[in-house]
Amino acid sequence: MSQGVLGFQYEVDNKRSEMTALGGLPVYLEFGHVMGLTGCLRDRLGIKDDDEAWSSDRDMMSLVLLNPAGGECVDDLRILNGDEGFCRVLADIKGYALPRKARRSKRGEQKDSKVFPSPSTVFRALGMFHDNAQELLRESGKAFIPSPNENLRSLMLAHRDFIARVQRRASVQVATLDMDATLIETNKKDALYSYKGYKAYQPLNTYWAEQELIVHSEFRDGNVPAGFEQLRVFKDALESLPDGVEKVLLRSDTAGYQQDLLMYRAEGRNKRFGVIEFAIGVDVTPEFKKAVLEVPDNDWMSLGDFQEYAEVCFVPHWMARKKHGPGYQVYSNSGTTQTTGPSRDGKPA
C-alpha cells in the first residue's frame, strides 16, 4: 500500500496470527467464574446443557462480554465471532478441565465453528423474558411499564444472588444508593420519543456506591418520566440488598423529588432499615428563589470553585401537614436546591 500524508505505511499480513484486540475480556470471564455468575443464572432460570438457546456457560457469558467489548446491540456478536484470537482463547477455556486428548479434539472443532452464538439465537433466547400480552395494555400517550414475566423475575433473583456473593466476599454495612435514569438514543422504529425530542429508551438504575454495583435496573421506554413509580423501584432496590447491610443512604436528582418517596424514607416506613437519610435535588421555583434572596450574605459558605451553599428557610406546603412529622432541610447551591431528610434519631441529617 502506498504511503499517505503521514510518515508511515500500512503492511498487509496475510498470515493467520490469531492476535486479538479483546485481551482484557478474559478477566471478566474469570471474575464471573469465581463469583459463580453462570451458576446463579442456571439455578434461577433452570438452564441445562442441552437447552437449544443456551447450550453452555460460554453462550450465557456472551451477552455479559458484549458490553465491555463495546457492543451496542445483539448483532455485534458477529464482531466477537470475527476476532480469531479471542475465539481461540475461549476455545482453550472451554476445554481447560478436559484431558489433553479431549482438549485437542475440542480445539479442532472450534476452528470451523462459531464460538459465540449467532444473533438470531440470542434474539430467540431473549424472547423468553418478554410477555407479548403486556403490550395489549399500552395506551397511546401514556407512560407504561410492562409487568415482568416469570423468567424476568427469575433473572432479577439471579442478579440478587450474584450481589449476595459479592457481599459475602467483601462485606460492607452501609449502602449509599444513587437512583438515576439514563437516556439511550436509538433508531428503532417502535421506540418512543423522550423529553429531549429524540427516540430513546430510559432505564432507571440504582447504583450501590460502596460495592460499585448496580443493585437494580428497570428498562423503560423513552417517554416514561424518570420519576415515574420511583417508590416502587426504590422498594425493589432495598429488597435486592444482601444480608450485612445495616444502613442505607440515598442520592437522587430532581426526579426523586416525589412526595410519597420522600415521606416513605423520612418516616421510617421500611421495616428493615427504618429512617433512610437522603439528599435529593429540588426544582428552583419562584417561591424558593424568594426564600433564597432572604438569606443573609454572611450565611453563605464556600464550596470552592466559585460555588457557595446556604441553608434556606423554605417549607413546601406538603411538608407542613403533620405537626409532629419529620424535619427536612433545604439547601441552595449555585442555582440548584437540595432536600435532606432526617437521620435515625429524628434530627436533620
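The values are calculated or read from the model by the stated rules, or taken from the named source; none is laboratory data. On a predicted model such as this, the values are computed, not experimentally measured, just so you know. Don't worry about glycine lacking a Cβ; one is built from the backbone with ideal geometry, like all the others, and counts go over all protein chains shown. Just the protein is used for accessible areas: all its heavy atoms, side chains included, with ligands, DNA and RNA removed. Shrake-Rupley method; radii C 1.70, N 1.55, O 1.52, S 1.80 Å.
A few points about this structure:
- Residues of the stretch 240-250 satisfying the condition of being in contact with a Ser or Thr (Cβ under 7 Å, 6 or more places away or on another chain) and among the charged types (D, E, K, R): none
- Subset of the stretch 259-270 [open to solvent by 60 Å² or more (accessible area, probe 1.4 Å), within 26 Å of Gln202 (Cα to Cα) and modelled with pLDDT of 90 or more]: Asp260
- Looking only at the stretch 209-222, and only at residues there that are of a type outside the set (A, V, I, L, M, F, W, C) and within 11 Å of the chain's Cα centre (by Cα), the one that is most open to solvent (accessible area, probe 1.4 Å): Glu212
- Subset tally (residues that are touching a Leu at 6+ places or on another chain (Cβ under 8 Å) and open to solvent by 20 Å² or more (accessible area, probe 1.4 Å)) for the stretch 271-305: 3
- Complete set of residues in the stretch 18-36 that are open to solvent by less than 50 Å² (accessible area, probe 1.4 Å) and either modelled with pLDDT of 85 or more or not small (Gly, Ala, Ser) (or both): Leu22, Gly24, Leu25, Pro26, Leu29, Met35, Gly36
- Val122 being open to solvent by less than 50 Å² (accessible area, probe 1.4 Å), outside any loop (DSSP other than H, G, I, E, B), more than 17 Å from Leu45 (Cβ to Cβ) and in contact (Cβ under 8 Å) with a residue 60 or more places away in the chain: no
- Some residue of the stretch 163-171 being assigned to a helix (DSSP H, G or I) and surrounded by fewer than 14 Cβ atoms within 10 Å (Cβ to Cβ): yes
- Within the stretch 194-208, the residues that satisfy the criterion of being in a loop (DSSP other than H, G, I, E, B) and buried (at least 21 other Cβ atoms within 10 Å of the Cβ) are Ser194, Gln202.
- Subset of the stretch 223-251 [open to solvent by less than 40 Å² (accessible area, probe 1.4 Å) and in contact with an Asp or Glu (Cβ under 7 Å, 6 or more places away or on another chain)]: Leu231, Val233
- All of Arg58, Arg100, Arg88, Arg78 fail the test of being modelled with pLDDT under 80 and within 22 Å of Met19 (Cα to Cα), apart from Arg58.
- Subset tally (residues that are assigned to a strand (DSSP E or B) and under 19 Å from Leu155 (Cα atoms)) for the stretch 209-223: 6
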